[in-house]
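Working notes, structure below.
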Amino acid sequence: MERRDFLKLGGIVAAAGAVAPASSLLYASKVESKNGNKYGMVIDLTKCDGCGECVSACRTANNVATFPDEKINNHLLRIAHVKSKFPNSQEQAIPLMCMHCDNPPCVHVCPVKASFVRKDGIVLIDKHRCIGCRYCMVACPYKARSFVFKHHEGSSNPEVPKTMHGVVEKCEFCVSRVDHGQLPVCVETCKKGVMSFGNLNDKDSQVSRLITSGRVHRVREDLHLGAKVYYLGL
Amino acid sequence: MNKFMAKIVVLIFALVLLSPFVVNAVRGVMGSSATAIDLVLPESGECVKDKEYMRANHMDILKEARVKTVRDGVRIKDYSLKNCQTCHTNRDEFCDRCHNYVGVKPECFECHHFPTSKERKERCEGN
Amino acid sequence: MKIYFTKIDGKSKGMYALLAVLAIIAATGMYATYAMFAQGHYITGMNNQIPWGLPIAVAIYCIGLSAGSLVLSALSAVFGQKEFKPFARIAVFVAALLLVGSLLSIILDWGRPDRLMLPFLYLNPRSIFSWNGFLYSSYVFICIVYLWAMFTGRDSWIKPMGILAIIWAVGVHSGTGAIFGFINARELYHSPLASPTFVTAALSSGTALMILILVSTFKATGRFLDNRLIIGLAKLLGPFILVVLYFVTVEYVVRLYTPSTSEPTSFVLFGGNLYTYIFWVGLILLGSIIPCIILFNPMTKNSIPWIMFASLLVVIGVFCERLIFVLPGQIFPLNLFPDMEMTSDFMDGVITWYQVSVAEIAQGLGILSIVAILYIVGLKLFAMLPDEARHLDHEL
């Protein structure tokens, strides 16, 4: 083969090698689990008074990094108070967490695939792999992720690993509880029945029934992320 | 002069590259005279695999288990770190002692709860 | 004309003093980095609202600078501007060094730099970061091969390598802009113009930096540098600045016009805060208008001191542009419920200021001084600099 041919061939191969993965960059990959479960949550805001019990339960159960400085204090679940700009409008308490999108920007940007969507639709962080670049935090429209800024002794629940300094954490629907057939801690804690958790693929589950009732919305639906946390009365 | 400089640079570079091996070799020579470490082993029961296999491959078992658990959602109960604690109750007398001896520092216990004997004692006193 | 490249002597007291000062700054920077990991990243100005701070600005700034220097070498190798040939080697060398600097800055910014190899083991093809990791490291590699071809006199390689390096540079810089442009969630990031703005800002800041480096290096080593060469570079710098200015204008006008983005944009442009000053004073006035006046004014455009001054302003101005690029998009709160008022104990709905910390500044300066040290050592070990840089006309 002549040198020129060789160079040409090399060029073609290089171009093909560059284009093939690039195509996956361009097409959004919808995560779909055909059989099996797809977990989601419905939050009934009409029942929520913002007492915050779910938040504190979440903090202890998941060993969330807790610091007095509110800027570096981590939140997996938080309660936002929202009101419209009309005068005298009512304030609404809204529990916010990871929305477990079908099309999550945090997963798309992760350079090591530490963030990923599990087969059952739960968005997880593989903390063994996370390099702490915080790109996911920049990309997440819900501010669902927190970086652990400092070493902390958070062994309030030895059953669950805490997160070390230098890694990002977020709500994972209490995945180890879910795998053992329990409900996420926040759902279990709430006495008012604000939250319900279940299988979206199952037509008879409570979440499916609430969703098909047709009055649910998701936060920032305009972004087309396919969030799996629905709100009644948003 | 410049050749000399270049040689020195190469020498320093080589030394830096080789230093871990040198350190380990020296440590091995020094350490071999010492008596073998005494690990506190569980009195009864059998490990999840045989002893020789565990000694050589426990890290692979754990790492495979963690990939399966976290990424695939397949919880292998036998090979989870929580299971190890049921028999190897004290980390400092078992895992850490051996790891210090061979000079590895697994980062796992920054996140995973695996009590040392001190923590266990404190917990007992607390109760 | 044959160009003779030689090493620098590097035995003067001044140089050792300079190296010592740089080494002290670098050591301070490394200590600051150590402190971040030993004590925790809370000693930086970053927090959960602003996960990216000064280190990322420094990183993308270094990446940008490296583009411009590469273009300088491409001028002679690819675009046939033979008079710039004396600078070919040093330009590529500086490009590679700056990229190393930016990689250092990025990696030391990670929470777990010990997991350095993971991005190469687990590529995520949808992540622009993943692509950048590949692009940056191969860019350094291409620069090294390019240098090697020039050193060993493989003349037939130089043009293809130059072309490849340019293509790669465009990729690298578009990729870096896309880090921000792809982020749909943040109004001040999401923009198709992010990449082109980044590339042009890279060109202008890189050319300006090369002017500064060339003039000062030739002066410090007592070599002859033809003024006409620097003036030729300055002729490039002016239009580059104008293009950046144009892109920035388009970007901000569109954002100001769009209702959904006008609030954060007017926060930056007319908020009367630090970023307003960085934008108007740093980027527009010092970084664009004054240099343009200098570079297009017949009285000053041929004077080396004025060109140096303009270049310095551009280098500073583009750093301001990088800050404007990275910071306000995070400082302005995310808009979870449009047209509603939102509060929480996680800094929702309020503007959280980024207070840059001493540690981050020390780290940034440390990384820049490491680059400078490598530059000086490189000049000493390899024949980078031409004996003299004359304009081609001298031959006649």
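Below are the figures for this structure:
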| read-out | value |
| --- | --- |
| Per residue accessible area of the protein assembly as shown, 1.4 Å probe, in Å² | 48 |
| Amide H partners (placed H, <5 Å) of A:Ser115, local residues excluded | A:Asp126 |
| Cα-centre dipole for the protein assembly as shown with unit charges at Cβ (Lys and Arg positive, Asp and Glu negative), debye to 20 | 1360 |
| Most positive-pole-ward Cα, C:Pro86, C:Ala20, C:Val281, against dipole of chain C from beta carbon charges | C:Pro86 |
| Degrees separating the helix C:88-109 axis from the principal Cα axis of chain C, which is the longest one | 30 |
| Gyration tensor verdict on segment C:198-244 (Cα atoms; rounded if a/c is under 1.5, prolate if a/b is larger than b/c, oblate otherwise) | oblate |
| Cβ-placed point charges (K, R +1; D, E -1), dipole of chain A about Cα centre in debye, nearest 20 | 400 |
| Scattering curve values for segment A:101-159, log₁₀ I(q)/I(0), Debye with Cα scatterers, q = 0.16, 0.24 Å⁻¹ | -0.55, -1.03 |
| Of all accessible heavy-atom area on the protein assembly as shown, the percent that carbon and sulfur account for (1.4 Å) | 64 |
| Amide H partners (placed H, <5 Å) of C:Leu385, local residues excluded | C:Thr6 |
| Net charge dipole size for segment C:42-190 [Lys, Arg +1 and Asp, Glu -1 on Cβ; Debye, nearest 20] | 240 |
| Above-threshold pairs, the threshold being 21 Å between Cα atoms, out of B:Lys63/B:Lys118; A:Lys113/A:Lys203; A:Lys127/A:Lys162; A:Lys228/B:Lys82; A:Lys143/B:Lys68 | B:Lys63/B:Lys118; A:Lys113/A:Lys203; A:Lys228/B:Lys82; A:Lys143/B:Lys68 |
| Inter-chain shielding of C:42-49 (mean C-beta neighbours from other protein chains, 10 Å cut-off) | 6 |
| Note, ³J(HN,Hα) from phi for segment A:202-210, Karplus 6.51, -1.76, 1.60, rounded to Hz, x at Gly and Pro | 8, 5, 9, 5, 4, 4, 4, 5, 5 |
| Computed accessible area, A:Ser156, all protein chains, 1.4 angstrom probe, square angstrom | 70 |
| Cα-based helix-to-principal-axis angle, A:3-26 vs chain A, degrees rounded to 10 | 10 |
| Nearest-ten-degree value, helix C:13-39 long axis tilted from longest Cα axis of chain C | 20 |
| Total accessible area lost when B and A pair, probe 1.4 Å, Å² to nearest 100 | 1600 |
| Projected label distance in nm at C:Leu193 and B:Glu93, using a 7 Å step from Cα toward the beta-carbon | 6.9 |
| Solvent-accessible area of C:Leu285 with every protein chain in place, 1.4 Å probe, in Å² to the nearest 10 | 80 |
| Prolate/oblate/rounded call for segment C:250-396, Cα gyration tensor, a/c under 1.5 rounded | oblate |
| Sum of -39500 (n - 2.57) over DSSP H runs of 4+, divided by residues of the protein assembly as shown (222 nm, nearest 500) | -17000 deg cm²/dmol |
| Residue among A:Ile131, A:Ile43, A:Ile122 with the largest mean-square fluctuation in a Gaussian network model of chain A, springs linking Cα atoms under 10 Å | A:Ile131 |
| Peptides B:64-72, A:138-146, C:40-48, C:90-98 ordered by average Cβ neighbours within 10 Å, highest first | C:90-98, A:138-146, C:40-48, B:64-72 |
| Those GluC sites (Glu not before Pro) in segment A:40-143 that DSSP places in a loop and that have at most 16 other beta carbons within 10 Å | A:Glu70, A:Glu91 |
| Nearest-10 value in Å² for the accessible area of C:Val145, using the 1.4 Å probe | 30 |
| Prolate/oblate/rounded call for the protein assembly as shown, Cα gyration tensor, a/c under 1.5 rounded | oblate |
| Most mobile listed residue (A:His217, A:His75, A:His100) in chain A, GNM with C-alpha springs under 10 Å | A:His217 |
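The values are calculated or read from the model by the stated rules, or taken from the named source; none is laboratory data. This is a predicted model, so every value here is computed, not measured. In this analysis, Cβ positions are derived from the backbone assuming ideal geometry, glycine residues included, and neighbour counts consider all displayed protein chains. Ligands, DNA and RNA are stripped out before the accessible areas are found, and what is left, the full protein with its side chains, is counted by its heavy atoms. Shrake-Rupley method; radii C 1.70, N 1.55, O 1.52, S 1.80 Å.
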